[in-house]
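Only one structure is covered here, and it is reproduced in the block below.
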């Protein structure tokens, strides 16, 4: 099997997980640092209802930008996110099957699960799992969620996060993400390199600290107001906005180590309130 | 006699969980299964043991239960009452089979031991629940907790499968071989476990895996393992395959330690000299695997080169200039403030120019990209960037070494300036934390201050650095206050906190350290030497005499009221009293001088001269004399004796 293009690889993942029974969703419309933040994961993995979903998620990490000069670091990259709730007993075997669908036969390679305990402090979330290495390259993070929003979970979700650029670099035998063949004749660099440069300038040099500081506080207040009206779903979007604003302030170097902890605690407090409100809403609907 | 195999099949376990299980299993097996020395196997996907020569069945045992008293058990006619009948029935016996002794009825029964195979299911389930791990998880609704999901149990007593059942999982004879090549492995009998797994692509014995890896590494060349990743790698693979790869020699412009850190911290590779590395795979096609790993390392090194080049372009002076915008602690200012305090402390510690200059630049690498990427390279990168900027070697080396010692028993800085800067940094960290109300409590020690305190003790004891801690803490406090830090607490306790660490560090019983800590000696190394001197003399007559003088004087006068404020020699009338007074007059200055000169053996010898006159004094003199002035003077004399010896510490701490 010849190496798939970047888009072909993603299409194969979509096909594989659709066939497995996942709801294939689309990227979320609000900036997130990882697919975990998408409500299709954070909110849906709370509570007792089974849920399976998969989607591509553009992940924004402002301080990881390198002006498009470094072939491994980007302020925006693409995760392929799968959540299986509850985690099936053979979930790892299913994951290895998905690698085969991409043309990676674990028999030929050194596919290893290396301990990696995941923590998302702004979401009050943590889980245990692994980095999956293929021939030394980390291509996936695999996590069994234990808590979200600081709450113990009714059902344990298995979360599979493919790093699509890494995986494609591996499949296409490329040492730079910019050289990845996105579609025939078009590279990843053609599509996103200039994007990286401009956003790096904004994230590191131009983002308006006073404006962002104000925005954080406004969004935090708005989140609280929506919670008073029992609207945890829109309130959750404001948690995401606060989280992203905090990341931007961080990449502007505007946050000291201790202030950092207090910002994280503020976002986490909101995430927790949203999680509790969401669960209450679910229970109310179930009781109807 | 049968052999037992029990295997807990898991998804890939962390190496630490493997080690922990291996340490716990022998005792758990003896508690739950039976005596003997189990052979323990741990690896990424299994925790298992083999135990040979199990008994076929439990031993029979005799149980004797007490029933009602004879008075209650029989009526006036001597017929059994309902109580007796009931007791017999509850034991499945007839009243006539019960024994009468000591005024009671007794039921004595022989309980037949159950066959081992019947006992094991319960015992093995209890064994699994008995394993303790610091970090565990849930993975399904069973509520069972383990470091990673348990996916199968395999239990064989010779050829028989033992039906252990654990929250929905039931043991069978099926194990699993190598995850990708031999998923199924049927264990026909316990004794065939190891061979069956080897045939299924798994080496279950961790020591064999370790030996295989070591042998293969020896074969490929001059390997090294500065961060000891081998102990983890042993538990990352079930069938070790040692391979070697190359990286582009252009990366050799990076400091070697950076290359090694990239290799080891991310990838668990073993450096093999310039341009080569070894790694351990878990099977697969070597050609594909080597190419993949070479690409990964190339990418990582490229990334490190990118960061390094940015740092070098900036230079250490520009990094240092940025320290005023980097917060060291929310209540204690920036790293620039810290650098200023460190310079003052280095001066006070007598470090001279190299340590002062090193202190100015010591924290510059906190703003470097490399330290941001690899926190464990702090200090080292500072040294590298200082050298590139043309700093004298003594300065660069001091920056590089100033986090040492960074592990229990790890090396101290090799250079004098390095030791001074290391001490200054630790004193500052301690002072800041204590001054802003963040001293360690219980197990909470986020800034690693216990380790810092131990490091400080070692710098004094092993490094010979003079550390007058109370004065140094006061100086740092003065600077903090002047710099506008939010000082809420007096950090004078730092001294006690550090001295407490001496107790665990010195090779003398803690009582001697406690005694020495009470001496009015402010210098850290001196306290240590005093404790050592006291312990060395503990069995000698010299010590005994000094101790006696101290102890007798203290016992009588220590708690008594009415001692005169000062000794009046004219009031001494008794011969023994005069003798003690004269000896004290001669000896006290000698003790003081010897303690000041840190000649503690000498001080102890002087103090011991007080022993005989004190003994004689107690034999011949009535302290509680009728005359109030005489009594007060005698009490004062004893207190002065005590205080003279007290310069050597609180000898009452030492059990006699």
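Readers should treat all values here as calculations from the given coordinates under stated rules, not as data from a laboratory. Remember, it's a predicted structure, so these values are computed and weren't measured experimentally. Every residue, glycine among them, receives a Cβ derived from its backbone with ideal geometry; neighbour counts consider all protein chains shown.
Rg over Rh for segment B:296-383 works out to 1.05, using Cα positions for both radii and the Kirkwood form for Rh. Mean partner shielding of peptide B:273-285, defined as the number of other chain Cβ atoms within 10 Å of each residue Cβ, is 3. Distance between the C-alpha centres of segment A:107-128 and segment B:140-160: 22 Å, rounded to the whole angstrom.
Dividing the convex hull volume of the alpha-carbon atoms in segment B:1-81 by its residue count gives 157 Å³ per residue.
On a per residue basis, the convex hull of the C-alpha atoms belonging to segment A:84-170 measures out at 92 Å³.
Determine the equivalent ellipsoid of segment B:123-221 by diagonalising the alpha-carbon gyration tensor, then write out the semi-axes as square roots of 5 times the eigenvalues, largest first, rounded to whole Å.
Values: eigenvalues 154, 77, 32 Å².
Semi-axes, largest first: 28, 20, 13 Å.
All alpha carbon pair distances within segment B:61-111 were sorted into 10 Å bins beginning at 0; the resulting P(r) in whole percents reads 28, 59, 12, 1.
Footprinting exposure proxy ranking of A:215, B:30, fewest other C-beta atoms within 10 angstrom first, gives B:30, A:215.
Relative to a virtual label point 7 Å from the Cα of residue B:482 in the Cα→beta-carbon direction, which members of segment B:398-430 show backbone nitrogen distances below 20 Å? Label zone hits: B:421, B:424-430.
In terms of Cα atoms, the Rg and Dmax of chain A work out to 19.3, 56 Å. Counting beta carbons within 10 Å around each of B:263, B:381 and listing the fewest first gives the order B:263, B:381.
For segment B:319-505, a Kirkwood radius taken over Cα pairs fed into Stokes-Einstein (10 °C, viscosity 1.306 mPa s) yields D = 98 µm²/s.
Both radii come from the Cα set of segment B:499-656: Rg as radius of gyration, Rh as Kirkwood radius; their ratio Rg/Rh reads 1.00. Highest mean first, the peptides B:115-121, B:245-251, B:426-432 sorted by other C-beta atoms within 10 Å per residue fall in the order B:426-432, B:115-121, B:245-251. Between residue B:132 and residue B:211, the FRET efficiency estimated from the beta carbon spacing at R0 = 25 angstrom works out to 0.30. Relative intensity of the protein assembly as shown on a log10 scale, I(q)/I(0) at q = 0.04, 0.06, 0.09 Å⁻¹, equals -0.30, -0.64, -1.12, per a Debye sum over C-alpha point scatterers of equal strength in the absence of solvent. Peptide B:293-306 has a mean shielding of 4, counted as Cβ atoms of other protein chains within 10 Å of each residue's Cβ.
Spatially, segment B:256-287 and segment A:231-264 are offset by 38 Å when compared through their Cα centroids. Between the beta carbons of residue B:628 and residue B:578, assuming R0 = 30 Å, the FRET efficiency works out to 0.90 to the nearest 0.05.
Highest average first, the peptides B:229-235, B:139-145 ordered by how many other beta carbon atoms sit within 10 Å of their residues are B:229-235, B:139-145. Between the beta carbons of residue B:520 and residue B:97, assuming R0 = 56 Å, the FRET efficiency works out to 0.10 to the nearest 0.05.
For chain A, a Gaussian network of Cα nodes joined below 10 Å ranks A:36, A:175, A:164 by mean-square fluctuation, and the top entry is A:175.
Using C-alpha pairs below 8 Å separated by at least 6 residues, the relative contact order for chain B is 8 percent.
The mean sequence separation of alpha-carbon pairs under 8 Å and at least six residues apart, normalised by the residue count of segment B:265-393, gives a relative contact order of 21 percent. Here the relative contact order of segment B:397-479, from alpha carbon pairs under 8 Å that lie six or more residues apart, stands at 29 percent.
Would you calculate a helix-derived [θ] at 222 nm for chain B, using -39,500 (n - 2.57) for each DSSP H run of n ≥ 4 and dividing by the full residue count, to the nearest 500? Calculated at 222 nm, the ellipticity per residue is -15000 deg cm²/dmol. Across chain B, Cα-Cα pairs more than 31 Å apart make up 71 percent of the total.
Among the residues of B:12-24, the average count of other protein chain beta-carbon atoms within 10 Å of the residue beta-carbon is 2.
Only DSSP H runs of four or more residues enter the estimate; each adds -39500 (n - 2.57), and after division by the residues of chain A the mean residue ellipticity at 222 nm equals -14000 deg cm²/dmol. Put simply, when B:308-314, A:138-144 are sorted by average Cβ atoms within 10 angstrom per residue, most first, you get A:138-144, B:308-314.
Take the alpha-carbon centre of segment B:6-81, take the same for segment B:165-228, and report the distance between them in whole Å. Their Cα centres are 27 Å away from one another.
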